[in-house]
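Input: a single structure, listed below in structure tokens.
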Amino acid sequence: MKKFIVYIIESEEGYHYTGMTEDIEKRMTEHNNKSLSFWTKRGNNWKLVYKEEFETKIEALKREKWLKSGVGREYIKKLGSRFNSPEAN
């Protein structure tokens, strides 16, 4: 069964990006290739710092939208110490 992944990545400059994908490895390659990802071209060496898996695309899109909201961004700030945890990678 397909899994839909909502993720947060961080660049070495400290930029963050929140997105959704079915293939995290492929998506990370795209984020780290400036010509393949418009939204992350300003950063370098993007690393996965957080992810959640969902059974349906609808659930994943709702979570992604929430994480990009004001309340979601505050939640992300509170996660700060978890960003460098082993389970994020």
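Residues of segment 5-28 with an amide N closer than 15 Å to a point placed 7 Å from the Cα of Lys57 along the Cα-to-Cβ direction: 5-6, 20-23.
Here the 3J(HN,Hα) profile of segment 9-16, calculated from phi with Karplus coefficients 6.51, -1.76 and 1.60 at θ = phi - 60°, is 10, 9, 8, 5, 7, x, 6, 10 Hz, Gly and Pro shown as x.
Dividing the radius of gyration of the alpha carbons in the chain by their Kirkwood radius gives 0.94 for Rg/Rh.
Using a Gaussian network model of the chain in which every pair of alpha carbons under 10 angstrom is joined by a spring, one finds that among Ile24, Ile76, Ile58 the greatest mean-square fluctuation is at Ile58. The length gained on full extension between Leu79 and Asn45, counted as 0.36 nm times the residue separation minus their Cα-Cα distance, comes to 10.2 nm.
For the chain, no complete DSSP H run has alpha carbons reaching 30 Å or more along its own long axis together with a mean Kyte-Doolittle score of 0.5 or higher.
Over the chain, what is the relative contact order in percent, taking alpha-carbon pairs closer than 8 angstrom and at least six residues apart?
Numbers: 129 pairs, mean separation 29.5, N = 89.
With pairs under 8 Å counted, the relative contact order is 33 percent.
Around Ala60, with a cut-off of 14 angstrom between Cβ atoms, what is the net charge of the other residues, counting Lys and Arg +1 and Asp and Glu -1? Let's see the in-between values first.
Working: positive: Lys2, Lys3, Arg27, Lys51, Lys57, Lys62, Arg63, Lys65, Lys68; negative: Glu22, Asp23, Glu52, Glu53, Glu55, Glu59, Glu64.
Overall, the nearby charge balance is +2.
Charge dipole (Cα centre; +1 on Lys/Arg Cβ, -1 on Asp/Glu Cβ; no other charges) of segment 4-88 amounts to roughly 380 debye.
Laboratory data are not the source of any read-out in this text; all were calculated from the coordinates shown. Given the structure is predicted, the values throughout are model-derived calculations rather than measurements. Note that each Cβ is placed from the backbone with ideal geometry, even for glycine, and that neighbours are counted across all protein chains shown.
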